Structure formats: C-alpha cells, structure tokens
Amino acid sequence: MSQKTFFITGANSGFGFAIASAAVQMGHKVIGTVRSETSRTSLTEALPAVKAVLCDVTEFDRIPDVVRQAEDEHGPVDVLINNAGYGHEGVLEESPIEAMRRQFDVNVVGAVAVAKAFLPRFRVRRSGFIVNVTSMGGMITMPGIAYYCGSKFALQGISEVMRSEMAPFGVRVTALCPGSFRTDWAGRSMVRTERSIADYDALFDPVREARQAKSGRQLGDPDKLAAAVLSLVESDNPPPQLLLGSDALKHVSDRIERLQQEIEAWKSVTVSTDG
C-alpha cells in the first residue's frame, strides 16, 4: 500500500479516531481536525503522529483557509474522510427547528463545505478520494431520529452527485453507511430533545430506552470499520456506497424489498400520469 495523506474531520473520537489510528499504523500521514484545544491536546497525546488542526466544520468561511494551510504544511491530501457529525434524537413534533438547523449545519453543510474546499485541488491534480460518512440512517428511517436521518439522506444524495461530477477527473467518491457501532454516537455525543407530548410515549419511549441500553454494546467494531476504510481507499473501483455492519445489510435490504413491493403495487397509478 502506497503512503497517502489523509485529512480526517472529527478525528478525536469515534470513527475518525479509529481511522486515524489505523492509517498511522499503516504508515500514512494523517491530518486530523478537532473543535477545541482540549481535543487537540488529547488527540496529540493519544496519536502523536497525527497533525491535529483546529476546525469547526460549521465555520464555513474558514474551511478553505484550514485546507490551504494543511496542504502548504503537510503536502497534497490524497484522501478526505468527511467524518465529523453527531446524532439528534427526538420526536419530530417535539423537536425545535433550531435543532434541525444545527443538525444539518454539521452533518450536511459542514461536510459539503469541507468537500468543496478539496474539490478544485483534487480536480486539478486529477486524483483524490472522498469518503463521506453517512449512515444506514441515510438509507432507512426509524422513529425518533428524523433530523438525523434527514441529514444523512441529504449527504447520501449529494455524495452520489459529487461522485458523478468528479468521475471524469479521476476523483473517487464513496458514501460510507455504517450500522450500529461501539462509538459515542448514542451516548455522550447524542443530542436528545426532552419529551413533552404524552401521546408519543408508547411509540418512542421504548425506542429511546433500548438505544440507551445498547450504547457501548453494539455489534460493530470501529477498528474493523477502520480496516475496511483503508481497504476501500485502495480500491480501483470503489462503490457509490458501502454498507458496514450486518444490521445495516439487513435493514437496508429489507427496505429495498419493501420499496420494490410498493412500486409494483402502485405501478398502474404511476404510469397513468403519462400524457
């Protein structure tokens, strides 16, 4: 495996940290973004080889300068891992619009802003690989995470367009769609809207309780995800999206089957609108 330079957002925890650690162990150069000096210190102590830089992905206007400085100091980036993000949990009716705006600013606009800072550089060099970390929640839905699923569906669609637009220039784009993994996503990192409408108790309270009880004991191993990502970026023909985790495989496959059934059931109505 040839040495590459990785730029990983949200490198101080979760998938970002696991990928950064695996990449360093394989001899790659890693630039990792964090949001605070405290996080930068902890990342540097844990992974001294990582070049930790301050970058809040919601500071959209600052991102091009961060990317330019990173490449000036550490050379051309080969792989962007667009990992920074978090989960919002809350019944749609109960959750304020401001919570949705914040969720989309981080998970969608922030990811796109980072990608856009690299697109002209990758295009001119006729090389580069962008991995946008979405989720199985970008292909399926479940009660209580409407804002999160909405943000990941959005990034999933944008990734597919980005892939087709950048393909003529030798730039590869894959959406990474993990299922449930042992990260802080459902624990410390999750933002939860307080319950306020009793009508939703029967539907949502068991879902919230089960998610909290499962946190830290999910089937997915972040280190194995990191190994899969390193294999992915070596591929000459990477997929538009890569599911990771047996739960992601099951849930997404079930949704595709239901969708096919729905299309077939309503096909006569679908084609009836042709002029």
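The values are calculated or read from the model by the stated rules, or taken from the named source; none is laboratory data. No experiment lies behind these values; they were computed from the predicted model shown. So basically every Cβ, Gly included, is an ideal-geometry build from the backbone, and we count neighbours across all protein chains shown.
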Per the filter on the range 37-52, residues part of a loop (DSSP other than H, G, I, E, B) and under 18 Å from Gly85 (Cβ atoms) are none
Taking the stated definitions as given, is Arg182 in contact with an Asp or Glu (Cβ under 7 Å, 6 or more places away or on another chain), of a type in the set (Lys, Arg) and within 19 Å of Ser13 (Cβ to Cβ)? yes
Could you tell me whether the range 95-110 includes any residue that is over 20 Å from the mean Cα position of the chain (by Cα) and charged (D, E, K, R)? yes
Taking the range 221-250 and the residues there that are in a loop (DSSP other than H, G, I, E, B) and over 16 Å from Gly14 (Cα atoms), the one that is modelled with the lowest pLDDT would be Asp236
Taking the range 22-36 and the residues there that are out of contact with any helix residue (DSSP H, G or I) (no Cβ under 7 Å at 6 or more places or on another chain) and surrounded by fewer than 19 Cβ atoms within 10 Å (Cβ to Cβ), the one that is nearest to Val114 (Cα to Cα) would be Arg35
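For (1) surrounded by fewer than 21 Cβ atoms within 10 Å (Cβ to Cβ); (2) more than 26 Å from Ala18 (Cα to Cα), each residue gets a yes or a no:
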| position | (1), (2) |
| --- | --- |
| Pro120 | yes, yes |
| Val131 | no, no |
| Ser135 | no, no |
| Ile145 | no, no |
| Gly157 | yes, no |
| Ser164 | yes, yes |
| Cys177 | no, no |
| Phe181 | no, no |
Within the range 11-36, restricting to residues that are among the hydrophobic types (A, V, I, L, M, F, W, C) and assigned to a helix (DSSP H, G or I), the one that is farthest from Asn132 (Cα to Cα) is Val24
Of the listed residues (Ser246, Ser272, Ser253, Ser268), the one being without any contact (Cβ under 8 Å) to a residue 24 or more places away in the chain and surrounded by 11 or more Cβ atoms within 10 Å (Cβ to Cβ) is Ser253
Exception for Gln218 within (1) in contact with a Phe, Trp or Tyr (Cβ under 9 Å, 6 or more places away or on another chain); (2) at pLDDT 85 or above; (3) of a type outside the set (A, V, I, L, M, F, W, C) falls at (2)
The helices (runs of 4 or more DSSP H) lying wholly within the range 53-165 that contain at least 2 residues that are at pLDDT 95 or above, closer than 21 Å to Gly32 by Cβ and of a type outside the set (A, V, I, L, M) are 63-74, 111-125
When you scan the range 42-56, do you find a residue that is closer than 17 Å to Leu155 by Cβ and acidic (Asp, Glu), even just one? no
Checked the range 171-220 for anything free of Cβ contacts under 8 Å to residues at least 24 places away in the same chain and in a loop (DSSP other than H, G, I, E, B); matches are Arg188
